[in-house]
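The values are calculated or read from the model by the stated rules, or taken from the named source; none is laboratory data. What you are looking at is a predicted structure, and each value in this text was computed from that prediction instead of being measured. Cβ coordinates were reconstructed from backbone atoms using ideal geometry, including for glycine residues, and neighbour counts include every protein chain displayed. Note: areas computed on protein heavy atoms with side chains; ligands, DNA, RNA excluded. Shrake-Rupley method; radii C 1.70, N 1.55, O 1.52, S 1.80 Å.
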Amino acid sequence: MSYIYEDYDVIVVGAGHAGCEAALAAARLSLNTLMFTVSVDSIALMPCNPNIGGTSKGHLVREIDALGGEMGKNIDRTYIQSKMLNVSKGPAVHSLRAQADKREYSSYMRKVLENTPKLTIKQAEVTEILAQDNRITGVKTFSGATYPCKAVVLCTGTYLNARCIYGDVVSHTGPNGLQAATHLTESLKALGIEMYRFKTGTPARIDRRSIDFSKMEEQFGDEKVVPFSFTTDPEALKKEQVSCWLTYTNEKTHEIIRANIDRSPLYSGDIKGTGARYCPSIEDKVVRFADKERHQVFIEPEGMYTNEMYIAGMSSSLPEDVQHQMYRSVPGLENANIVRNAYAIEYDCINPMQLKPSLEFKEIEGLFAGGQFNGSSGYEEAAAQGLVAGINAAMKILGREPLIIDRSEAYIGVLIDDLVTKETNEPYRMMTSRAEYRLLLRQDNADIRLTRKGYEIGLISEERYQRLKLKEDEIEKEIARLERTVVGAGKEVQKLLESHGSSPLNTASTLADLIRRPELSYEILEAIDKDRIKLDDDVIEQVNINIKYDGYIKRQLRQVEQFKKLENRKIPEDIDYIAVPSLRIEARQKLIKFKPISIGQASRISGVSPADISILLVYLTQYKVKEKMPAAGGVQS
Ligand SMILES: Cc1cc2nc3c(=O)[nH]c(=O)nc-3n(C[C@H](O)[C@H](O)[C@H](O)COP(=O)(O)OP(=O)(O)OC[C@H]3O[C@@H](n4cnc5c(N)ncnc54)[C@H](O)[C@@H]3O)c2cc1C
């Protein structure tokens, strides 16, 4: 059947964490949007860990929210435990992490999608991408139906030619036994797209009735829950939270694994896909960290609706019988009933260096991509890319400038720049160490960094934008007030300093200087700060951080200035690298292949040296001059 449907503006292939954000962004920017999935019952499915956030991932979720995305709101609605991680360290690594009720998370996201104007959802496998003269024209589905459109966003996750494996048990399905997508890869290859084969894995799920929690350390959520979304009222988050539990593997566990390592498809070579170094399976950990006596294992509830417990830290693809012994060797799991076996999944994805920083393919106009399909791993990484890809598909159709976020503005900028500029040969997982300007890119100031962009794009309401401006104003005024408010070395002040182990004042000091003392804070000085007005917690947080880290923040801002100089030095699209004298061969080849958009991006491509960059900078200056030189006798343009 070759039925042709009516035109759509944007077609999103995928309803995972990337697809949901992409489709919502395009529809909310008033474009007629169609979202495909192989199963509408798996919208925003969490096939692996039942949590959102964590170190650096929490930053991404806050940034998605600041730009007008949905993930932050959705986890605030459906969380069952929440914790701010790394609070004993500096604010740059404070990160929210929340356990989600997986089914609630999926059904709530589905409700939002199903009630978004201009958004249509369809259950069908997209088998072909249609293009003419390197420009998108539509897609075709398994039934042979054709859907014309102006832009396509590919967010196929772990489904393309998916293969699930444990021991010698292989099934050609997507996660959780869902249908795999087995046709699209060939269509993408026919369009000249370079594909990779990656792998990831998940642990078993165990029936909580078979777990002895008395042998584990109970892990509680935070009493005062901080929302992911800047639109969520913290009061609305108050609810009873569930616990997680901590236990450990031991020598017996490691022995069982070592004795059966030859039966692991990972080590027998049956798994060809490349896995994430930073998300190793338990067998990988035992082999790679042989000196470690034990590995942490967190027991996490999958949701309020089920007894299934997620065994974090023990993903595996070992055979069933080995899994049974291995899990039962862990304290508290001696009588474990495995509900779902652990398994690894292989899937096709792309080499993301084929994408521009806007996440549009360099060689196919109107084709965008986001999520695990781009070689990343994780719900948060996927959602961040889906949002940017969806926004830029819309910007393209609306004839507006694409949203390009650079490394100094957000973790989203670091994520996308690393994917499209640096060769990645394994699933890419975000980490704070990847962000050179992490003191500026904190999770607490994501709104100040990005909400203005979201407003300019059209995803942030006027009301929310005005609230942000008010917040910024309050922060600025309060910092200025504290910098000019002087307190003397009076009895009350000295008593307060002494009660917090802070050295007494010899002369008068500003309140700001007192806040700069590590043992003091804005909250502590309330008693001696007579003119103070009531401010919200998030404003106070900004006041504290901006005063305490003032010097470091200023230094990083100076580094960003240098960075921006090269980032804003654009490279003309039609530059001929062959004509650039004395560029090294390797650099010339890389620059021709990857077509960086700026000197900054070029400087991060492996194989392009600082010397090559200097040559390029000189050439660009002349390049400009040459352009201006009038043809003999002509008029200056
Ligand atoms: C077994 C397993 C273990 C994992 N382990 C980890 C881990 O340890 N750490 C971690 O960070 N992340 C892990 N992940 C990854 C995590 O699940 C993904 O990062 C995340 O789900 C990616 O989101 P996405 O939107 O890119 O894709 P997905 O959530 O995979 O969604 C893809 C969507 O595309 C649809 N689709 C695909 N192809 C087609 C087609 N041709 N036509 C129509 N619809 C199509 C699917 O129906 C689905 O809706 C794991 C995933 C799996 C499956």
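Quickly rank 373-379, 550-556 as a protection proxy: mean count of other C-beta atoms within 10 Å, highest first. Could the numbers behind the result be given before it?
Numbers: 373-379: 27.4, 550-556: 13.4.
Taking the mean over residues of other Cβ atoms within 10 Å, the ranking is 373-379, 550-556.
Mind ranking 527-537, 565-575 by how tightly packed they are, going by the mean number of other C-beta atoms within 10 angstrom, highest first? Mind showing how you got there, number by number?
Working: 527-537: 11.9, 565-575: 13.5.
Top of the packing list down: 565-575, 527-537.
Could you work out what % of the accessible surface of the stretch 181-248 is carbon and sulfur, using a 1.4 angstrom probe and leaving DNA, RNA and ligands out of the count?
Summing carbon and sulfur atoms, their accessible area is 49 percent of the total for the stretch 181-248.
With r as the distance between the Cβ atoms of Asp41 and His183 and R0 = 25 Å, compute the FRET efficiency 1/(1 + (r/R0)^6) and round to 0.05.
Efficiency, from the Cβ-Cβ distance: 0.75.
Beyond 32 Å between alpha-carbons counts as too far, so tell me which of Lys89/Lys534; Lys224/Lys252; Lys199/Lys356 fall in that bin. Mind showing how you got there, number by number?
Values: Lys89/Lys534 27 Å; Lys224/Lys252 39 Å; Lys199/Lys356 24 Å.
Pairs exceeding 32 Å: Lys224/Lys252.
Two-decimal Rg/Rh of the chain from alpha-carbon positions, Kirkwood Rh?
Numbers: Rg = 26.7 Å, Rh = 26.6 Å.
The Rg/Rh ratio comes out at 1.00.
Starting from the Cα-Cα distance between Asn506 and Lys224, subtract it from 0.36 nm times their residue separation and give me the gain in nm to one decimal.
Values: separation 282, 0.36 × 282 = 101.52 nm, distance 3.77 nm.
Extending this stretch completely gives an extra 97.7 nm.
With a Förster radius of 56 Å, plug the Cβ-Cβ distance of Asp207 and Glu498 into 1/(1 + (r/R0)^6) and report the FRET value to the nearest 0.05. Provide the component values of the computation, followed by the final result.
Details: r = 56 Å, r/R0 = 1.00.
FRET efficiency, Asp207 to Glu498: 0.50.
Between Glu114 and Tyr278, what is the spin-label point distance in nm, taking each point 7 Å from the Cα along the Cα→C-beta axis?
3.6 nm
Report the label-to-label distance for Asn250 and Ser614 in nanometres (one decimal), using points 7 Å from each Cα along the Cα→Cβ vector.
Going from the Asn250 label point to the Ser614 one covers 6.2 nm.
Can you pick out the pairs among Lys215/Lys239; Lys272/Lys590; Lys422/Lys590; Lys57/Lys285 whose Cα atoms lie more than 19 Å from each other? If you can, show how the numbers build up before the last one.
On the way: Lys215/Lys239 27 Å; Lys272/Lys590 27 Å; Lys422/Lys590 11 Å; Lys57/Lys285 22 Å.
From Lys215/Lys239; Lys272/Lys590; Lys422/Lys590; Lys57/Lys285, over 19 Å: Lys215/Lys239; Lys272/Lys590; Lys57/Lys285.
Work out, step by step, the length gained on full extension between Asp550 and Glu573: first 0.36 nm times the residue separation, then minus their alpha carbon distance; give nm to one decimal.
My answer for the length gained is 4.3 nm.
Name the aspartates and glutamates eligible as straight-distance cross-link partners of Lys140: C-alpha to C-alpha under 17 Å, and not fewer than 8 places from it in the same chain.
Lys140 reaches Glu6, Asp7, Asp9, Glu125, Glu128, Glu186.
Regarding the stretch 454-597, what's the average projected area of the Cα-atom convex hull, expressed in nm²?
With the hull built on Cα positions only, its mean projection is 14.6 nm².
Straight-line reach from Lys564: which aspartates and glutamates fall under 17 Å, measuring Cα to Cα and dropping same-chain residues less than 8 apart?
Answer for Lys564, where 17 Å is the Cα cut-off: Asp406, Glu409, Asp417, Asp418, Glu436, listed by chain and number.
By the scheme Lys and Arg +1, Asp and Glu -1, what is the net charge of all other residues having a beta-carbon under 14 Å from that of Ile80? Intermediate results must be reported in sequence, preceding the final value.
Numbers: positive: Arg77, Lys83, Arg97, Lys102, Arg103, Arg208, Lys238, Lys239; negative: Asp76, Asp101, Glu104, Asp222, Glu240, Glu300, Glu302, Glu308.
Result for the local shell: 0.
Label point 7 Å out from Ser243 along Cα-to-Cβ: which residues of the stretch 276-320 have amide N under 14 Å?
Those under the cut-off are 299-301.
When the accessible area of the stretch 278-375 is computed with all protein chains present and a 1.4 Å probe, what percentage of it is carbon and sulfur? Intermediate values should be presented prior to the final figure.
On the way: 1470 of 3180 Å².
Percent of accessible area from carbon and sulfur atoms in the stretch 278-375: 46.
Starting from the Cα of Asp270, move 7 Å in the Cα-to-Cβ direction to define the label point; list residues of the stretch 298-340 whose amide nitrogen is under 15 Å from there.
Those under the cut-off are 316-324.
Might you tell me the accessible area per residue for the stretch 1-135, computed with a 1.4 Å probe and given in Å²? Don't skip to the answer; put the middle values down first.
Working: 4570 Å² over 135 residues.
In whole numbers, the stretch 1-135 has 34 Å² accessible per residue.
Show me the ranking of peptides 182-193, 62-73, 487-498, 220-231 by mean Cβ neighbours inside 10 Å, starting with the highest. Walk me through the numbers before you get to the answer.
On the way: 182-193: 16.3, 62-73: 27.8, 487-498: 14.6, 220-231: 18.1.
Sorting 182-193, 62-73, 487-498, 220-231 by mean packing, highest first, produces 62-73, 220-231, 182-193, 487-498.
How large a share of the accessible area of the stretch 569-628, in percent, is made up of carbon and sulfur atoms when the probe is 1.4 Å and the other protein chains stay in place? Intermediate results must be reported in sequence, preceding the final value.
Values: 2140 of 3340 Å².
For the stretch 569-628, the apolar C and S fraction of the accessible surface comes to 64 percent.
List the residues of the stretch 387-404 whose backbone N lies under 16 Å from a point placed 7 Å from the Cα of Arg135 along the Cα-to-Cβ direction.
Answer for the stretch 387-404: 396-400.
Using a 1.4 Å probe, what is the accessible area per residue for the stretch 275-324, in Å²?
For the stretch 275-324, the solvent-accessible area averages 42 Å² per residue.
Can you say what percent of the DSSP beta bridges in the stretch 3-117, counting only those with both residues inside, are antiparallel? Round to 5. Numbers along the way, then the final one.
On the way: 9 of 13 bridges.
Roughly 70 percent of the beta bridges in the stretch 3-117 run antiparallel, per DSSP.
Starting from the stretch 255-313, pick out the trypsin sites (Lys or Arg not before Pro) whose DSSP state is loop and whose Cβ has at most 13 other Cβ atoms within 10 Å. Intermediate values should be presented prior to the final figure.
Values: sites: Arg258, Arg263, Lys272, Arg277, Lys285, Arg288, Lys292, Arg294; in loops: Lys272, Arg277, Lys292, Arg294.
Counting only loop positions with at most 13 other Cβ atoms within 10 Å, the trypsin sites (Lys or Arg not before Pro) in the stretch 255-313 are Lys272, Arg277, Lys292.
If you restrict to DSSP beta bridges whose two residues both lie in the chain, what percentage is antiparallel, to the nearest 5?
On the way: 54 of 76 bridges.
Antiparallel bridges make up about 70 percent of those DSSP assigns within the chain.
How much area per residue is accessible in the stretch 405-556 when the probe is 1.4 Å and only protein heavy atoms are counted (Å²)? All intermediate terms of the calculation are to be shown ahead of the outcome.
On the way: 7080 Å² over 152 residues.
Dividing the accessible area of the stretch 405-556 by its residue count gives 47 Å².
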